[in-house]
Amino acid sequence: MTAYLDHAADTPVLPAAAEAVLAELTRSGNASALHSSGRAARRVVEESREEVAAALGARPGEVVLTGGGTESDNLAVKGLFWARQGEDPRRTRVLVSSVEHHGVLDPAHWLGQHPAGLRAQVEELPVDGEGRLRVDALRESLERDPASVALVSVMWANNEVGTLQPLAEVVELAARHGVPVHSDAVQAVGQVPVDFAASGLTALSFTGHKLGGTTGVGGLVLRRGTSLVPVLHGGGQEGGVRSGSVDAAAARGLAVATTAAVSTLAERSAGLRALRDQLEAAVLAAVPDAVVRGASRAEDRLPGILHVTVPGAEGDALLYLLDARGVECSTGSACTAGVPQPSHVLRAMGLSDADAAGALRFSLGRTSTAADVALVAEVLGPVVERARTAGLALAGS
Ligand SMILES: Cc1ncc(COP(=O)(O)O)c(C=O)c1O
């Protein structure tokens, strides 16, 4: 048996979404073409856009279809920065939380270093020990010189530890100074209620493969009337904001998956939370000195993520040993060129590199069951023992 507990990285495509994609894949017609097949493909795209918009509390015209979360984040950060700079060159500052996904952090820092571009000044705002943005730091930074802020980007929910961010306060503060706010909601859509109109955000990123759609499709919800400089230039699709032929089949799957994820959210998240609590109890029973990370209050974190650090063991060793016993999870942070790095999220939360080294993220989803929890309960104790012994042997050699 395999316990797949890495839904925050990729969750299985919903069967109804797979069927919808397949039905569209075998049709011909570029959605930009003027003949009947093209117009039929365009209808599929526009109906899908309407469904996605309805599920996210947005207007259809506000949904820009993209190639996924990373692209949406890049489009928001670079596009908003360039547009705001174009309006007023004094707007050089980009404020981001220090626990953003690399999809936001890296384009922000790229703007700060790009020699040919307009030099952004990137400020990474601190978080508390649970990974939540320190709103006082944002306030101080905004009020220091509001006219110089191009944009603020704070994620809806963190992908490693699952902490929900205080977005309402962020939006309220930024609005006082007329500063647009982007939020990476890749982990939030389908997990917690997300209403774009009610959020007051200027832009919001989401992606298909975290909610039952296919990989390589997603979107940026962009508030009506917002100026944005495109990253991709070409055929002028998606209102000129994102050139490139639109993948009608993927858009169909995205619509089916987003609608399903949002309409089943309440019952699914209650089930996920209960299973997550069982998993947490099982992990702590097997490894009593493991430390659960992220928000301590259930309402402040995603229902499906359990993040722990295991003292005296390397996350990668744990991951491989668990995999060999049928448990698939993650350390939560990416490797750089195959070399494990301490997570920037855990570092920002104040953990030492030694404490951050033993990180494991279990993330549950639609297909998770009590049998998955039982397998973790069975294998985790011996796996941790083995990883610790291996670590000691390496340290002694
Ligand atoms: C918070 C967050 N943002 C962005 C991404 C990137 O999304 P995509 O894989 O669709 O490019 C991920 C994926 O792990 C994520 O968790």
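All of the numbers you see were taken from the coordinates with simple rules; none came from a lab. Since the model is a prediction, treat every value here as computed from it, not as a measurement. Heads up, the Cβs are rebuilt from the backbone with ideal geometry, glycines too, and the neighbour counts pull from every protein chain shown.
Counting Lys +1, Arg +1, Asp -1, Glu -1, what net charge surrounds residue 141 among other residues with beta carbon under 12 Å of its beta carbon?
-2
How many nm separate the modelled label positions at residue 274 and residue 243, each set 7 Å beyond the Cα in the direction of the Cβ?
5.3 nm
How much of the calculated P(r) for the chain lies past 29 Å, in percent of all Cα pairs?
Working: 35352 of 78606 pairs.
Across the chain, Cα pairs with separations above 29 Å total 45 percent.
Assuming a viscosity of 0.890 mPa s and a temperature of 25 °C, what translational diffusion coefficient in µm² per second does Stokes-Einstein assign to the stretch 265-396, Rh being the Kirkwood radius over Cα pairs? Before the final figure, lay out the partial values.
Values: Rh = 15.2 Å.
In µm²/s, the coefficient rounds to 162.
Find out how many positive minus negative residues lie around residue 340, taking Lys and Arg as positive, Asp and Glu as negative, among other residues whose Cβ is under 13 Å from that of residue 340.
On the way: positive: none; negative: 314, 316, 353.
Within the 13 Å Cβ shell, the charges total -3.
Using amide H atoms built in the peptide plane, which far-off residues or other-chain residues are under 5 Å from residue 294 H to H?
none
Within the stretch 79-120, list the trypsin sites (Lys or Arg not before Pro) lying in a DSSP loop whose Cβ has at most 14 other Cβ atoms in a 10 Å radius.
Values: sites: 84, 90, 91, 93, 119; in loops: 90, 91, 119.
The qualifying sites are 90, 119.
Could you please state, rounded to a whole Å, how far the C-alpha centre of the stretch 183-203 is from the C-alpha centre of the stretch 279-304?
24 Å
How much length is gained if the chain between residue 323 and residue 1 is pulled fully straight, taking 0.36 nm per residue apart and subtracting their Cα-Cα distance, in nm to one decimal?
Answer, rounded to one decimal: 114.8 nm.
Around residue 47, with a cut-off of 12 angstrom between Cβ atoms, what is the net charge of the other residues, counting Lys and Arg +1 and Asp and Glu -1?
Working: positive: 42, 43, 49, 252; negative: 24, 46, 50, 51.
Taking every other residue near residue 47 into account, the sum is 0.
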